[in-house]
Amino acid sequence: MAASLPLKLDYGYLAPDVDLDEVQSWQDQVDLAHKKVTQGGGLGDEYLGWVDPGKIVSEDEVATIKTLAAGIRESSDYLVSIGIGGSYLGARAVIEALGAGDGPEVVYAGNSLSAFDHDRLLRKLDGKKFSINAISKSGTTTEPAVAFRLFRDLLTRQVGAEEARKKIVATTDAAKGALRKFADEEGYATLKIADDVGGRYSVLSPVGLLPIAVAGIDIDGLLAGARDVAAATNSTDVTKNPAYFYAAARNLLYRKGYSTEIFASFEPRLHYVAEWWKQLFGESEGKSHISLFPAAVELTTDLHSMGQWIQEGRRNIIETFVILDGGEPEVLIPPSDSDLDELGYLQGKSLQYVNEAAYKATALAHRDGGVPNSTVHLSQLDAYSLGALIYFFERACGVSGYLGGINPFNQPGVEAYKKNMFALLGKPKFEQATQEVQARLKAQSADTVVGF
Ligand SMILES: O=P(O)(O)OC[C@H]1O[C@H](O)[C@H](O)[C@@H](O)[C@@H]1O
């Protein structure tokens, strides 16, 4: 099966910083991390529900998702997907990468507190036919809760309370949280997020699958790609398992002083795949004051802005390219009467060919500039290969976190700003903190402002 998988890792440009022997010397640690991810026994092992993509969503749930998606496609011109973090990024990553544009437009709300963005979207949907998918595992996150109120209000004003209820699907915990309570009381259709699947590992659960299906993307193909990579990763040998090779290599590079990993693609439609990847690795590994900072660039665009930094800035970065080897539309560079634009040497060549040359040139130049880099090659981009890529990174991330000695499945650090914000906003039960935070902000702002 492994031979037919659409994904491989080229690690040639990690040398001389890291070579095969060094990665192989970590095989025992990799085996242990593999055991923790597949059998439990490691930190956070109550969140391993994503490991078997055959179980993350049942056949019945897939059928329900397809039925709900068909209903939304039939009745609506827009789906407002409301969520943030893991309840948002995976679906957007897949939809922006693969969306055929033949169904309702999926639009996103509740992923910020921007008045401008929400106002713009509310005005765009005014008088339009739309449905809502409110997605929140905890059911209590502020941004999606606020957005849900805004868009529910618009929908209710447009179609009436009775009809609005039929156009809302809530994806949330089976029993806990405000969204679950609300959905049960209002009688919305609901999809369940299992307790053992954390937000950033939930794209292949109902969290991601409903908006993805509404966008007309083949969710069976997506799941099949993930399942096949999951099966292939059960062989732990780093010379045959690119996910584990990648996990070990990035840990080795971190220990050698590299502090940032840049996800680099040559396809703007992978922008949100990079955003999803950033959350996956950032929340999984950014703890105990260690780990690589996950950043992203889009090339060749950013070669004309960040390219200088990557080539000659501080030498603390590694780079991971995600490259599509084929399957792109054929756009040929046409003949021209004159060669005034000096592009005669490219006449008749395809844009994909030029883009590929740009990638090869960049990987070599960055290696020469002291940036160890490796490349994840996808044979083409479709639902199957994207499912494979998603699972590849998820599995690599779990194993990488255990190799680094942290809990890859919690995110305690995200609570610190929330506590301050709730205090400032006067949320019930935060009264004590309100006074403290206000006093600290006042003392701070009195002394430290420079202005014209
Ligand atoms: O799905 P929710 O419970 O609304 O959470 C949405 C997101 O917000 C939180 O603050 C966490 O940092 C993320 O891991 C999570 O994906």
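Among the residues of the range 424-436, are any in a helix (DSSP H, G or I), touching a residue at least 60 places away in the same chain (Cβ under 8 Å) and either away from the ligand (no atom under 16 Å from the Cβ) or in contact with a Lys or Arg (Cβ under 8 Å, 6 or more places away or on another chain) (or both)?
Our first condition is that a residue be in a helix (DSSP H, G or I); within the range 424-436, this holds for 424-425, 431-436.
Pick out the ones that are also touching a residue at least 60 places away in the same chain (Cβ under 8 Å) and you get none.
Within the range 424-436, not a single residue is in a helix (DSSP H, G or I), touching a residue at least 60 places away in the same chain (Cβ under 8 Å) and either away from the ligand (no atom under 16 Å from the Cβ) or in contact with a Lys or Arg (Cβ under 8 Å, 6 or more places away or on another chain) (or both).
Among the residues making up the range 286-299, those that are under 12 Å from PRO408 (Cβ atoms) and either out of contact with any helix residue (DSSP H, G or I) (no Cβ under 9 Å at 6 or more places or on another chain) or within 13 Å of the ligand (Cβ to nearest atom) (or both) are GLY286, LYS287. In the set PRO372, PRO335, PRO428, only one residue is closer than 30 Å to ALA33 by Cβ and not hydroxyl-bearing (Ser, Thr, Tyr); that residue is PRO372. Find the residue count for the range 356-370, including only residues that are closer than 10 Å to PHE266 by Cβ and surrounded by 18 or more Cβ atoms within 10 Å (Cβ to Cβ). Qualifying residue count for the region: 2. Taking the residues in the range 103-126 that are in a loop (DSSP other than H, G, I, E, B) and without any contact (Cβ under 8 Å) to a residue 60 or more places away in the chain as candidates, determine which candidate is nearest to LEU155 (Cα to Cα). This residue is ASP126. Only a single criterion out of (1) away from the ligand (no atom under 14 Å from the Cβ); (2) assigned to a loop (DSSP other than H, G, I, E, B) is not satisfied by LEU79, namely (2). Only residues that are surrounded by fewer than 24 Cβ atoms within 10 Å (Cβ to Cβ) and either of a type outside the set (A, V, I, L, M) or part of a loop (DSSP other than H, G, I, E, B) (or both) were counted in the range 218-232, giving 5. Only one of the listed residues (SER265, SER259, SER235) is under 24 Å from PHE409 (Cβ atoms) and either of a type in the set (Phe, Trp, Tyr) or under 23 Å from the mean Cα position of the chain (by Cα) (or both). That residue is SER259. Of all residues in the range 244-285, those being part of a helix (DSSP H, G or I) and more than 16 Å from the ligand (Cβ to nearest atom) number 18.
When each of ARG227, ARG255 is tested for being of a type in the set (D, E, K, R) and under 30 Å from GLY370 (Cα atoms), the lone residue that passes is ARG255. Remark: pairs (first residue in the range 36-59, without any contact (Cβ under 8 Å) to a residue 60 or more places away in the chain; second residue in a loop (DSSP other than H, G, I, E, B); Cβ separation under 7 Å; 6+ apart in sequence or on different chains) = GLY40/LEU48.
Of all the residues in the range 50-68, those that are crowded, with 19+ Cβ neighbours inside 10 Å and part of a loop (DSSP other than H, G, I, E, B) number 5. Restricting attention to the range 127-183, the residues being within 12 Å of the ligand (Cβ to nearest atom) and touching a residue at least 60 places away in the same chain (Cβ under 8 Å) number 7.
So if I check each of ASP52, ASP21, which one is touching a helix residue (DSSP H, G or I) at 6+ places or on another chain (Cβ under 9 Å) and charged (D, E, K, R)?
Sole residue among the options that is touching a helix residue (DSSP H, G or I) at 6+ places or on another chain (Cβ under 9 Å) and charged (D, E, K, R): ASP52.
No value in this document is a laboratory result; all are computed from the given coordinates. Just so it is clear, the structure is predicted and the values come from calculations on it, not from any experiment. A quick note on method: Cβ atoms are made from the backbone with ideal geometry, for glycine too, and the neighbour counts reach across all protein chains shown.
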